[in-house]
Structure formats: C-alpha cells, structure tokens
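Heads up: the structure comes next, in structure tokens.
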Amino acid sequence: MNDVTAQFVDSRQRRRLERRFGAHVTDWLAELPAVVEKLAAEWRLTVEGPAPHGRTSVVLYVRRADSEGVLKLSPDSGLAVSEAGLLRMWESSPHVPDVWGVNAEHGAVLMERVEGDTVAETGVVPPMETIGGLIARLHAVEVSPAERMELRPLSARVQFVFDVWGRERVEGAAADLVPAAVMHRGAAKARDLAHGEDDVVPLHGDLHPGNVIDGGARGLVVLDPRACLGDGAADAVDWAVWKAADIAEVEHRVGVLSDVMAVDGERMMEWVRAFAPCFAVAKANRGQADSVEFDLMMGLCGAAA
C-alpha cells in the first residue's frame, strides 16, 4: 500500500476489505487516491481525512463550502447505489442523513455528516419504545411502487447473511462451539420467514447498534442500510438481543418492540431464534464463548452451550 493510499486506509481496514471482497481490492485501493481527487474536484470538496470504516467501504470526512459531509467509497458499486437509494426513499424522515451525490461508476456516495456516537459506542441500551418508534417511523415513510420494485427481496439478504456467518464459523473458533446443524436450522427458519407476506415494507436490513447514531437534539439517525423488501419484524432482531442477559429479557423486549411497531410478536421472536446462531458465531469468534450472551444465543437457537 503506497503512502498516498495509506492516508485513507490503514492495514486493519485493508484486511477487512480483502476479507469481504477478495484479492482484487488491492487494485481498487491503488486507484483510490486518484478517484478521491477526481470526486473532490467534481463535487467541490475539501478532503479532511479518514473517518471510521466498516467492512464494505472507505469513509472520508469532507467539507463543502457551507457544510460538513462524508464520502463513502466501496469496491462494490451496487452496494453503494443501493444504500443511497434507500436513504433517498427515506429522505422525508429526519432519521437518515441527506444524500448529496452518487457516483455509480466509482461506488461513491456523498452525504451529510451527522455528529454523535453510535449506540454501540455508548454501550447503553436505549428504551425499546424508542427503538420501536424509530423503526416504525422509517417503515411508515411512503415509498412509490416503482421504488419498491427496485429493492431486492429479504430472502436474498437472509441468504447473504448466513453465507457470511457460515464462513466465519468454519474459519474461526466457532467451528468447535456452534454445530453446523444449528446454522442450517437457523438458515432454513429465516428463509421460511423471509418468504412470508405479512408486514412487507422497505427494510434497513442491517439495523444494529453500530449503525445508529445518537444525534443529540436531532434524535437517532440510521446509517449503512442494506436495502431490501420484506417483513418489518426482521429489522428489530439485533435490538431484541443486544446486551440481553436472559431469554425473559429478550421476550420482554420483543413484546415492547412488536407492540410499538404493530407487528406480530411471535413472528418477531421466530426471527430472533433464526438469527441466534449468527450471533453465537460472532461471540465465539471474538473469544466470548464463556459469556452470558453466548449462552443466551445458544439457548435461543435450541443448542446446548
């Protein structure tokens, strides 16, 4: 990695991108400084430096003449375009950042910068009434039939998630702790749920605490959607289990979330049980197999911890 590219991407982020997209990321990263320079000129941006990254993009803090923004660039241009598309569908809501520009050729999205820490960074579990209200308001935004038709089905997102966590299981400590049969049962359950026709809405698709910013007076703001169309209950799964201590707490959260979101609570609980093996793999691979949370995830998916 040359010195110019290193200004934007550290070695840890490079490994994340390589793991997600494969070896061709090397060529993409080599071209990144020139792409950033081109986009900065096109959109009249001053590049201030790297922002926190995820698994799928390089994020830079930028400034326009009168406002602060972020420039996201992904090796998967389709992913970037899809993200921008859902944010624009929800643009009437204060709970998403404004999208200022999209360059599909380079997988680039220019958007408003929202100041604040993510909920994950705060480590504080918000009231489920607050989270349920946030999700319900997003799902209630009016979306045209044409826009809905551009969204991939939830079943495709489910397949992707279980493919990813299936590989994570095989390649990590979870291989000895989370049985393959448990993953297969969870995937089958999630696929069945994804083909349901109840409460079908445009979904965020990856609405975990690391993708929600506490924007202060602005309220909660969601980032990094993986846009799809399907059962609204699926968007609440991470919140039902994050930092929960036991099944009773999960069931209580599901009760509150489902009431506020006006979806079936039993179906939401089935979503939780379906995805529990993925959460168990994540805990095991992070060295947390002796934690209460790991035991809870294994219990939810019907396996002995």
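The values are calculated or read from the model by the stated rules, or taken from the named source; none is laboratory data. Keep in mind the model is a prediction, meaning the values are calculated, not measured. Cβ: placed from backbone, ideal geometry, glycine included. Neighbour counts: every protein chain shown.
Of all residue pairs spaced 6 or more apart or on separate chains, those with beta-carbon atoms under 6 Å, a first member in segment 18-43 that is closer than 24 Å to residue 69 by Cβ and a second member that is at pLDDT 90 or above and β-branched (Val, Ile, Thr) are 40/47.
Filtering segment 227-250 to residues that are assigned to a helix (DSSP H, G or I) and closer than 15 Å to residue 132 by Cβ leaves 232, 233, 234, 235, 236, 237, 238, 239, 240, 241, 250. Residue-level analysis places residue 150 outside the set of residues that are at pLDDT 90 or above, among the acidic types (Asp, Glu) and surrounded by fewer than 22 Cβ atoms within 10 Å (Cβ to Cβ). Summed over segment 195-223, the residues that are touching a Gly at 6+ places or on another chain (Cβ under 7 Å), of a type outside the set (Val, Ile, Thr), closer than 26 Å to residue 155 by Cα and surrounded by fewer than 22 Cβ atoms within 10 Å (Cβ to Cβ) give a count of 1. Given the structure, is residue 182 farther than 30 Å from residue 115 by Cβ, outside any helix (DSSP H, G or I) and either of a type outside the set (Asp, Glu) or outside the structural domain of residue 243 (by TED's automatic domain parsing) (or both)? Answer is no for this residue. With respect to (1) surrounded by 13 or more Cβ atoms within 10 Å (Cβ to Cβ); (2) under 21 Å from residue 265 (Cα atoms); (3) over 18 Å from the mean Cα position of the chain (by Cα), the lone exception for residue 174 is condition (2).
Residues that are within 20 Å of the chain's Cα centre (by Cα) and among the hydrophobic types (A, V, I, L, M, F, W, C) within segment 14-38 comprise 17, 21, listed in sequence order. When you go through 105, 142 one by one, which is the residue that is among the acidic types (Asp, Glu), under 30 Å from residue 263 (Cβ atoms) and either in the same structural domain as residue 44 (by TED's automatic domain parsing) or part of a loop (DSSP other than H, G, I, E, B) (or both)? After ruling out the rest, the residue left standing is 142.
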